[in-house]
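See below for the structure under consideration.
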Amino acid sequence: MIKLYTDAASKGNPGPTGLGVLVIANHHQYQVTDTLQLADNHHGEFAAARLGFSYLLEHFGPQQTVLFYTDSRVLSDAIGKNYTKHYQEELAALNQLIGQFTTVVTQWIPDRENHGAHHLANQALKTLE
């Protein structure tokens, strides 16, 4: 079982955006960051999730059970309902990745429980300043 935490941090809305991914697998932590030159926070949250699931596919393969944690209600609701009014393209791209795994359980968590991914997103954002 793999735990995946993702987050995005934007300066401006839209603006430069940092993406943070924290993976906990086999008693090890893996940290991944990336940036977007211009995005709003919701697009950033979807991008961070895609980054996380892409990382898992590349490094662990699809035969995994993934517990996915996000502090984005928009993202967790979109995955749960398989619908979003404004982010259809982003959800479709994310679903292509999620669909490759054996099992994915998505859970919304409050900001205070997503410190690792949040810190990574802010670190990535600082590289754009």
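So the values come out like this:
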| quantity | calculated |
| --- | --- |
| Ala78, sole failed condition from (1) within 16 Å of His119 (Cβ to Cβ); (2) in contact with a Ser or Thr (Cβ under 6 Å, 6 or more places away or on another chain); (3) not in a strand (DSSP E or B) | (1) |
| Residue, farthest from Ala9 (Cα to Cα), within the range 78-105, restricted to residues that are without any contact (Cβ under 8 Å) to a residue 12 or more places away in the chain and surrounded by fewer than 17 Cβ atoms within 10 Å (Cβ to Cβ) | Gly99 |
| Test: residue in the range 36-45 that is of a type in the set (Asp, Glu), over 14 Å from Thr6 (Cα atoms) and part of a loop (DSSP other than H, G, I, E, B) | yes |
| The range 99-129, residues that are over 15 Å from Val23 (Cα atoms) and of a type in the set (Val, Ile, Thr) | Thr102, Thr103, Ile109, Thr127 |
| Number of positions in the range 45-59 that are in contact with a strand residue (DSSP E or B) (Cβ under 8 Å, 6 or more places away or on another chain) and either over 16 Å from Ile79 (Cα atoms) or touching a residue at least 40 places away in the same chain (Cβ under 8 Å) (or both) | 9 |
| Residues located in the range 41-52, provided they are surrounded by fewer than 24 Cβ atoms within 10 Å (Cβ to Cβ) and at pLDDT 95 or above | His42, His43, Ala47, Arg50, Leu51 |
| Scan of the range 81-100 for residues that are assigned to a helix (DSSP H, G or I), within 15 Å of the chain's Cα centre (by Cα) and not hydrophobic (A, V, I, L, M, F, W, C), ordered by number | Glu90, Asn95, Gln96 |
| Some residue of the range 17-35 being under 20 Å from Asp111 (Cα atoms) and free of Cβ contacts under 8 Å to residues at least 12 places away in the same chain | no |
| Selection within the range 108-129 - of a type in the set (A, V, I, L, M, F, W, C), buried (at least 16 other Cβ atoms within 10 Å of the Cβ) and within 16 Å of Asp34 (Cβ to Cβ) | Ala117, Leu120, Ala121, Ala124, Leu125 |
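The values are calculated or read from the model by the stated rules, or taken from the named source; none is laboratory data. Just so you know, these numbers come straight off a predicted model, no measurement behind them. No Cβ is skipped: glycine too gets one built from the backbone with ideal geometry, and neighbour counts run over all protein chains shown.
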